[in-house]
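Engineer: Handing you this structure, nothing more for now.
The values are calculated or read from the model by the stated rules, or taken from the named source; none is laboratory data. Keep in mind the model is a prediction, meaning the values are calculated, not measured. FYI the Cβ positions are ideal-geometry reconstructions off the backbone, even for glycines, and counts take in every protein chain you see. Keep in mind that these areas ignore ligands, DNA and RNA; they rest on the heavy atoms of the full protein, side chains included. Shrake-Rupley method; radii C 1.70, N 1.55, O 1.52, S 1.80 Å.
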Amino acid sequence: MIKLTINNQTYEVDASPEMPLLWAIRDMVGLTGTKFGCGMAQCGACTVHVDGNPVRSCSFPVSAAVGKKITTIEGLSERIGEAVKKAWIELQVPQCGYCQSGQIMSATALLKTKPKPTDADIDAAMQGNLCRCGTYQRIRSAIHRASELIQS
Amino acid sequence: MANQLTNIDRRNFLRLTGITGAGLVLGLSAHADGAATVENLAAAGESFELTPYVVIEKSGQITIFNTKPEIGQGTFQSIPALIAEELEVSLDKVVIQHTGGEKKFGGAQFSGGSASVRTSYTSLRKVGASAREMLITAAATQWNVPVSECYASDAKVFHKPSGKSLGYGELAEAAAKVEVPKEPRLKDPKDFTILGKSTPRPDVPLKVNGTAQFGIDVSVPGMVYASIERCPVLGSKLVSYDDSAAKKVKGVVAVEKCERIHGVYRSEGVAVIAETYWAALQGRKALKVTWDHQGNDKFNSKTYEQSLRDASKQEGAVEHSQGDFDKTFAEAPVKLEAFYETPIVSHSPIEPMNCVASWKDGSLEIWTSTQVPGRIMDEFTKTYDVAPEKLKIHVMFNGGGFGRRLYPDYVHEAVQLTKKIGRPVKSIWTREDDTRMGPFRPMTFSAMKGALSADGKAIAFQHKVISPTLDMRKDYDKTKADRTMTEGISEQKYEIANMKNLYVHHYLHLPLAAWRAVTSTTLAFSHECFIDEMAVKAKKDPMAFRLGMLTKESDTKNVLNKLKEVSNWDKPLPAGWGRGVAQYEFFAGLGGFVVEVSKKGTGIKIEKVYAVIDLGTVVNPDTVEAQVQGAAVMALTAAVKSGITFENGQTVQSNYHNNQLVRINEMPKVEVHILANGGPRIKGVGEPGLPPFAPALCNAIYAATGKRIRRLPFDINKIV
């Protein structure tokens, strides 16, 4: 059994150590907000925070997450995360919505380190998150909006 | 045509939907503007085949049914909004439920062709207006006052003189006994509070906090996971397999064959079924499968593309002819010819194909992300011999559609597997499966001919399309032009007296599919770039050249004039910049772009994009803006990223690292303008923003660099 701390709750999962964290979160713990997109850290749909840092959970072995604090979209509740979610709704960012959990996790991690990101900062931090619907223009605006919300 | 509403066979309907305590249930006899009659489901007999759209329960709960799956295009808001507007209720007070292909919901249960709003605009407003009038009549009767003294607002009926009111729930039962109005009065658009406004979409909060349920998120008791090995050489046959090692992988419970059914394209695969998806993937790696490639392992993109070029020498079937093209072209003082090429591309929605299916005691239950619940109901009841009432389809939020989920091949596989093993099965394609297996948008190649008079007017034009067909038939009748593969080439409004458009069929053995904006996505590129070449040859400004061929009033003329205005077309650009224009009209609608680019090293940078989409009538401007921006991104990916190619019968690309999509750092700013000036035709939203982007971009690149791009994809960083 592998012990995981996800969104401040402890779970025990019967997983092989090399299994990606993604499948533990989705199929064993049952938190489905974190998505499977590519399985090789190319699309970012599976982004979660491990000790506050954005991690592609599809390519992160579950054994490496032991003893660490994992946050998924469902557990994103502190001030910056709330501001990002609020901005996302205000600007009606999602289309199909499938990639958006990952986008929001990456955007929140960016704003934690850079509360006032430039467009170049956004390009650098968000390049790993694909959106096939093409919501990028609104993602950029929403990050700037969330930044304003954090300052106020 | 008379449009009456109906009050449907209530018992049967309620059984289907699981709703209890319903008062008023209104539906349509068909789902198509002009043909539908609104019906009272409570009063109708068993024989009615009706489509219920709104249920008002005695508790006051209002449920609106959405027959158009949400794929990101906004139908979870735009379709219920048509009813809610007339019903005088805001969407946040309504429960919205996707329909699952139930026969009682009638036909047209699909999302495709940018058709949802444009085919529902009047009929669904009539459903809402009829319900409103019946509720008002019920209240007036109860109060014993004239109907004219009553009005509806915020899910209540009010008596104006006294100010008293009754909620819809309190009136629902009495309203169900009121005769359905023959011609309900529709609201004056100036009184609209939802339609035409940028209204928040009810699915957005769910997609921001992770609670929106996509097909891949479904879990049912006893469920096992499947991963399916299919031959990497497309078009192969399964000979045999050895599952002894796969069955030794911890968690693997079964290995079974299943067939992918995609129209005439069929292929067998071997599914490894396990207690976890991870175990299924490990088991799959341990499979040993023998395939018969049927000679398809010799297939290569380069060879096939050369065969398309060779096929272009054929005369082809006439798709459209006017005037005398051959004579005019032969005798013209100025003529030009060009050959355009486009690639095969993938849909690549970020949610991979998946399906949960459960076969139990002769009943089949399906949970999936799909654009076509109606098709699944029709096709699966026949294929698997299930009665319609024993097939339940749960339509989940789609993690992208783009045409891919018009095809239920991935649903077939899951259904066959649950039938074989007697447990609910969740089948998930890997990204590699999705990228390698298609179905793909085919390429089109185009041979263009144009002629000008001595004073530079277009006098003759020819667009010859060379391609396979989406129905994938080898025995195609070559004397006929395929209307889908020549989509839009004869619909452009340019007044050119002599035209002869042609089609040459050339078979391709791969699984093929419609892609967002279908064949217009490739044909607009050749068509509108060649119009630009004619303008250059005529030494005319490309915008002026186009408008010069549009002497009659048309929506196309309006779109180009709007683009000219919003882009400040006549204002000079900085040195090293260029701008290009393109428009395209096809079955789904009409849009146009002006793109501005600048030279940047050996490549170009997209500086600014102006889009105009002509709708006639708009339901949600905010959604339209998002759709057009998204369409531009998808078109950019198709223009500048690798596309799909084949070597030795196998797809070269496998995942997003080598089948790249445009990322946020490559996203140009797209400014969207909507034309909604009324008029009889309502045009679509989801697709028309796609086709004109690539030609506008390539025309801009020509203006900036003098380099004419005639083949997609191209490397945007290596233009000169």
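Engineer: Carbon and sulfur together cover what percent of the accessible area of the range B:678-720 at a 1.4 Å probe radius?
Structural biologist: 52
Engineer: Per residue, how many Å² of accessible area does the protein assembly as shown show with a 1.4 Å probe?
Structural biologist: On a per-residue basis, the protein assembly as shown sits at 35 Å².
Engineer: If you plug each phi of the range B:564-572 into the Karplus form 6.51 cos²θ - 1.76 cosθ + 1.60 with θ = phi - 60°, what whole-Hz ³J(HN,Hα) values come out, in order, with x for Gly and Pro?
Structural biologist: Each residue's phi maps through the Karplus curve to give 4, 5, 6, 8, 6, 3, 7, 7, x Hz.
Engineer: Which whole number gives the average, over all residues in B:658-666, of C-beta atoms from other chains lying within 10 Å of the residue C-beta?
Structural biologist: So the per-residue partner count for this stretch is 6.
Engineer: Where the accessible area of the range A:1-148 is counted over protein heavy atoms with a 1.4 Å probe, how much of it, in %, is carbon and sulfur?
Structural biologist: C and S fraction of accessible area: 50 percent.
Engineer: If you take the beta carbon distance between B:VAL145 and B:LYS298 as r and set R0 to 60 Å, what does 1/(1 + (r/R0)^6) give as a FRET efficiency, to the nearest 0.05?
Structural biologist: 0.15
Engineer: What dipole magnitude, in Debye to the nearest 20, does the range B:114-247 give about its Cα centre under +1 on Lys/Arg Cβ and -1 on Asp/Glu Cβ?
Structural biologist: Around 480 debye, computed over the range B:114-247.
Engineer: Which residues of the range A:81-108 end up with at least 40 Å² less accessible area in the presence of all protein chains than when their chain stands alone, using a 1.4 Å probe?
Structural biologist: Residues meeting the cut-off: A:ILE89, A:GLN92, A:PRO94, A:GLN95, A:CYS96, A:TYR98.
Engineer: Just to verify a number: what accessible area does B:GLU491 come out at with the full protein assembly present, 1.4 Å probe, Å² rounded to tens?
Structural biologist: My reading of the accessible area for B:GLU491 is about 80 Å².
Engineer: While we're here: Provide a whole-number value for the mean count of partner chain Cβ atoms within 10 Å of the Cβ atoms in peptide A:40-53.
Structural biologist: If you average over the peptide's residues, the count of other-chain Cβ atoms is 2.
Engineer: Leaving ligands, DNA and RNA out of it, rank A:LYS69, B:LYS382, B:LYS557 by accessible area with a 1.4 Å probe, largest first.
Structural biologist: Largest to smallest exposure gives the sequence B:LYS382, A:LYS69, B:LYS557.
Engineer: Could you please state, rounded to a whole Å, how far the C-alpha centre of the range A:1-71 is from the C-alpha centre of the range B:452-475?
Structural biologist: When both Cα centres are located, 53 Å separates them.
Engineer: Can you tell me how the protein assembly as shown classifies by the Cα gyration tensor, rounded, prolate or oblate, using a/c under 1.5 as the rounded cut?
Structural biologist: rounded
Engineer: Still on this model: Placing +1 on the Cβ of each Lys and Arg and -1 on the Cβ of each Asp and Glu in chain A, which of A:CYS99, A:VAL62, A:THR135 has its Cα farthest towards the positive end of the resulting dipole?
Structural biologist: Value: A:THR135.
Engineer: Here is a follow-up. Among the listed pairs B:LYS335/B:LYS641; B:LYS58/B:LYS207; B:LYS250/B:LYS285; B:LYS449/B:LYS707; B:LYS564/B:LYS608; B:LYS360/B:LYS392, which are separated by more than 21 Å between their Cα atoms?
Structural biologist: Checking Cα-Cα distances, B:LYS335/B:LYS641; B:LYS58/B:LYS207 exceed 21 Å.
Engineer: Ignoring everything except DSSP H segments at least 4 long, calculate the 222 nm mean residue ellipticity for chain B; use -39,500 (n - 2.57) per segment, divide by total residues, nearest 500.
Structural biologist: The helix contribution divided over chain B gives -8500 deg cm²/dmol.
Engineer: Show which aspartates and glutamates lie in cross-link reach of B:LYS313 when reach means a straight Cα distance below 16 angstrom and same-chain residues fewer than eight apart are skipped.
Structural biologist: Those aspartates and glutamates meeting the cut-off are B:GLU305, B:ASP326, B:GLU337, B:GLU341.
Engineer: Also: Using a ≥ b ≥ c from the Cα gyration tensor of chain B (square roots of the eigenvalues), is it rounded, prolate or oblate, where a/c under 1.5 gives rounded and otherwise the larger of a/b and b/c decides, a/b for prolate?
Structural biologist: Oblate.
Engineer: Taking the inverse of the average 1/r across all pairs of different Cα atoms in chain A, what Kirkwood radius in Å do you get?
Structural biologist: 15.4 Å is the Kirkwood radius here.
Engineer: Determine the shielding of peptide A:121-133 by partner chains: average, over its residues, the number of Cβ atoms on other chains within 10 angstrom of each Cβ.
Structural biologist: 6
Engineer: So, one more: Find the sum over both chains of the accessible area lost when A and B are paired, probe 1.4 Å, and report it in Å² to the nearest 100.
Structural biologist: 4500
Engineer: Under a point-charge model restricted to the Cβ atoms of Lys and Arg (+1) and Asp and Glu (-1), what is the dipole moment magnitude of the range B:345-418 relative to its Cα centre, in debye to the nearest 20?
Structural biologist: 140
Engineer: Please report, as a whole percent, how much of the solvent-accessible surface of the range B:199-279 comes from carbon and sulfur atoms (probe radius 1.4 Å).
Structural biologist: That share works out to 55 percent.
Engineer: Determine how large the accessible area of B:ASP434 is when every protein chain is in place; take a 1.4 Å probe and give Å² rounded to the nearest 10.
Structural biologist: Solvent-accessible area, nearest 10 Å²: 10 Å².
Engineer: Cα centroid distance between the range B:117-141 and the range B:232-258, in Å?
Structural biologist: With the range B:117-141 and the range B:232-258 each reduced to a Cα centre, they are spaced 55 Å.
Engineer: Now for a different question. From largest accessible area down, sort B:VAL253, A:VAL55, A:VAL62; use a 1.4 Å probe on the protein chains.
Structural biologist: B:VAL253, A:VAL55, A:VAL62
Engineer: What size of dipole, in debye to the nearest 20, comes out for chain B about its Cα centre when the only charges are +1 on Lys and Arg C-beta atoms and -1 on Asp and Glu C-beta atoms?
Structural biologist: That gives chain B a dipole magnitude of about 1280 debye.
Engineer: Let me ask another. Just which residues of the range B:162-205 lose 50 Å² or more accessible area with every protein chain there, against their chain alone, with the probe set to 1.4 Å?
Structural biologist: B:VAL204
Engineer: Ranked by accessible surface with a 1.4 Å probe, highest first, in what order do B:SER153, B:SER520, B:SER358 come?
Structural biologist: The residues order as B:SER153, B:SER358, B:SER520, largest area first.
Engineer: Arranged from highest to lowest average of other beta-carbon atoms within 10 Å per residue, in what order do the peptides B:461-472, B:313-324 appear?
Structural biologist: Highest to lowest by the protection proxy: B:461-472, B:313-324.
Engineer: Straight-line reach from B:LYS552: which aspartates and glutamates fall under 13 Å, measuring Cα to Cα and dropping same-chain residues less than 8 apart?
Structural biologist: B:GLU495
Engineer: Output the antiparallel fraction of DSSP beta bridges having both residues in the protein assembly as shown, as a percent to the nearest 5.
Structural biologist: 75
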